[in-house]
Every structure is written in structure tokens, then in C-alpha cells.
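Right, one structure below, let's go through it.
The values are calculated or read from the model by the stated rules, or taken from the named source; none is laboratory data. Computed from a predicted model, the values in this text were never measured in an experiment. Quick reminder, even Gly has a Cβ in these numbers, built from the backbone with ideal geometry, and neighbours come from all protein chains shown.
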Amino acid sequence: MTPQLQQAIKLLQLSNLDLKDYVERELEENPLLERDEEAPDGPDNGALDGSAEGLAEDGDGPEDDLLEKFDHTEAGGLSEADHAARDLDYEDEWSDDSPAAADTVGPAGATLANSGSGGAGDFQDHDSNLEQTLSKHETLREHLLAQLNVDFVDPIDRMIGLHLIDMVDEAGYLGDDLMPVAELLNCALERVEATLAKLQQLDPPGIFARDLAECLKLQLGDRDRLDPAMNALLDNLDLLAKRDMKGLTELCGVDAEDVADMVAEIRALNPKPGLAFDHAVAQPITPDIFIRPRPGSSWIVELNNDTLPKVLVNNLYYAQISRAARTKADKQYISEQFQSANWLVKSLHQRATTILKVATEIVRQQEEFFAKGVQHLKPLVLRDISEAIEMHESTVSRVTSNKFMVTPRGIYELKYFFTPAIGSSSGGAPHSAESVRQRIKSLINGEAADDILSDDRIVETLKAESIDIARRTVAKYREALGIPSSVQRRRDKAGQSLAPARRD
């Protein structure tokens, strides 16, 4: 790919903050670029009325012109990068002999762009500096989001979990009132509480507790040390604070020595598990997209024009310095800067158009969620969007990273609307991965001691229920649920015996 195409692809995945920094650097480095404070609003905003009509389209040139830039005779097809470049739909308008692009010049002799960040034609990595080479500690939110993305497959649980993570304080505690989350997402409070119970199993132990006692219980439960005596002690921490050992021995049903041992265990725990992580100053999220309901049960999808830097190419200045240039080096420099500036303008417009197109299709696909609540959030993968808007999955992936949408149900990163789904062997609607995991769990919980289900038998049972799933996927889900293999379960059930009713 040419450096200009590499730059255009890079712009797709920049956040609005990175975009602003990027364009500031280009304004400093390219003398032909200027800031346009009085530029009109950005690319046309699309209104979602059940179709993709209303989206701004960039008709700058057919895909065939772009594909001529690549040699696919040896590769036998398009690579991921090639697909991403093709999606940008750019025409090779600048040659070494003619750097100007006549159709991009505005009526005032300036080329206008209302979105995106600048980029030099040489595609040098200007982001590198000494500060970025220093080690960066992971924040608590980043740590929890990483686990959420891996451990939570069901789209409803992921959406609820995202809201609960944002409610966790620096010490790792969660507020008592979960009703606002239930009301915002229009789901039952019991579903929020069930999701919270899953979140409380994440690392670090004790996270998402609503009080000190619950935080300590979660940590002891993780160590398999939460027996009835310890549970009673934690329910009466006020007596421990008063050093009322006699009262604690009576409540816990153990002697003073056991109480002393339990107190020692408690003192070894971390009452504020969240403080082990870096606590950078939280930056407010600046959204890229706004959606709002329109009378008639449709949605209006709009770009946030405040996040789109406004730049233009000064063609008048280009004409002046071109006439004044005397040496070949000067002429080449001016030509390169003009090519870079024009390509930047084109890339910025296309970036905004692509973001709007992807966001509009996401809203269309998840319309039931916005209208009725999280229970109607459906499984969605990148392919669903890419096929609908005729772009490559890699392009959609870049667009959905670091882009945020303000909705009536909260602020979401675009990528959070994507979750895996399990296909139906009968051709029906796909099954949520979480529902399949729970079905596997129920099958194993219901197995008899003399009839242990192997992974292959589980696959057969699920296929009989029109759930098309591979054996290795069953094994992966089973391990994620903490369920041992059929061989280990058979041994465990064969040797089951009642444990002694005393503390270890």
C-alpha cells in the first residue's frame, strides 16, 4: 500500500482525542494546511428510517481504480489490508506530474474537511516520544474490562457488566443501589444482581463488594475458607471492632482459639482490593456519535461535529509559493506537501462517513435494544455489519474501536454491541453463547453418577436441540464454567463421601 493509504487506514482507528492531537501536528508541519474555524458542519448525518438512505457517500471514484494499485497475481486474492484500503474507496487523483485535485477545491480556493486528523504523506510515526516508552500500569477499570470481554459472552450480561464496572470506586466497592442500572437498561433487578454475582468472581478477589463484610466474604470464598463460623463472624464485625471475643465465640459456635485463628485470617485479607491498581485521573468520554428517537419509531444517528477538527488546504498560498520556487528540491517539497494535504482532507471526510455508516447499521441491527431494553440485545458479529454495508470486517473492526455512542440507555463503545453467537443446525435464529453455556451446565448437573456425559455426547444432545456446536467449543465452555472432564467427574462421583463437619 502507498503511504497515503496506510495513513487513511490508520485514521479509522484513532479516537477523537488522538485525532485532535494528530491534526494539530499536521497543522504545524504542513504549511499548506490551515485551521478553518468557520467551516460548516461535517459530512451529512444519516437518519435511521429502516434503511441506509441519508448517509453521506463519498463518490470520489470506483473501487476498480484503487484495486489497480495492488498486484494480486501472486497472492491469489485480497489481503486484510487490501480489503481495508479498498473500503476507503479512494481514486488515485495525484500523480508525480500533477499534484492538484481539481474536484476538491472549494469555491473560495480552499479545500474543506470537517473531520479527522491530519497525516503526512510520508506516514512517519510522530506518536513516538520518551513518555510513551515508560511502563504504564493497568487501571482497575482496564483490568475489569479485559476480563469482561473474555469471560462474559452473553450480550445482556456484558452490557449490564459494563455499567457496573463504571460504578466501582477506586477501592473496588460498588454502591448498594442497583435499581438505576435496571431502570436504564429496562431489565429486572434480579438480572442485574445475577450479573453482579458473576462479576464478583473476577480478579482481584473481593471486587464489586457493597460493604466490608461482603468484600471479606468474597476473598475467603475464593480461598474456600468461608465456612458457617467465619460467615457468622463477618456478619458481626461490630463485635470484632469492640473486641467482644466472648460474644463472637457464642455467635460462631467455636472456642476462643478458633476465633483468634479466624481473626488472623481476616487480618491477612485486603479490605480495599482496588487500590492495588493504577488510579489515573479519569478522563470524561467524548462521544463520536449521538442517537436520539425520532417520532414514528425511528432513530436519528448523528456525528458529534465538536470532535471533528476542521482543516482546509490553502490553494492560493500553494499557487504563490509554487511560482516563487526556483530549485528542483523546493518544487518537489511543495508538491509533496500539497499531495499530502489533499489526501488528508479526503481521508478525514471518508473517516467520518465510514464511522457514521457503521454506527447507523449498528443502531439498525440493535433497534430493539434501544427501544425496549437490554433483554432485546441480540447476538451481533462484525460480519453482520460488514455484509450489510459492503465493507470488510477489518474496516468495521477499526471503526468500532475507541469510538463511543451516546444513546438513551447510556454511553457505549461501538465494539460492545458485538458478541459471538452459536448457529442453529435447523436454520433458525442463532443461540447466544451464554445460553449454550448454561445449557451445557444444566446437562452436566443433571447427569447420573453411573451415566457421565462425555463432551461428544453433549454435542449430540445439543445438536438434537438444533444447537450446532463443535466438541472443542463444548470443552472450552465447560472449562470456563469450572467443570472438570467426564473422566474426572466419574472419579469424583465414584469416591464421593461426606466431609467432616468441622473447621480444617
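Here are some notes:
- Counted residues, the range 297-330 - those being of a type outside the set (Val, Ile, Thr) and without any contact (Cβ under 8 Å) to a residue 40 or more places away in the chain: 11
- Residues considered: 411, 469. Of these, the only one that is of a type outside the set (Gly, Ala, Ser), modelled with pLDDT of 75 or more, closer than 30 Å to residue 383 by Cβ and part of a loop (DSSP other than H, G, I, E, B) is 469.
- Filter result for the condition that a residue is farther than 26 Å from residue 11 by Cα, among the hydrophobic types (A, V, I, L, M, F, W, C) and surrounded by 13 or more Cβ atoms within 10 Å (Cβ to Cβ), over 266, 289: 266
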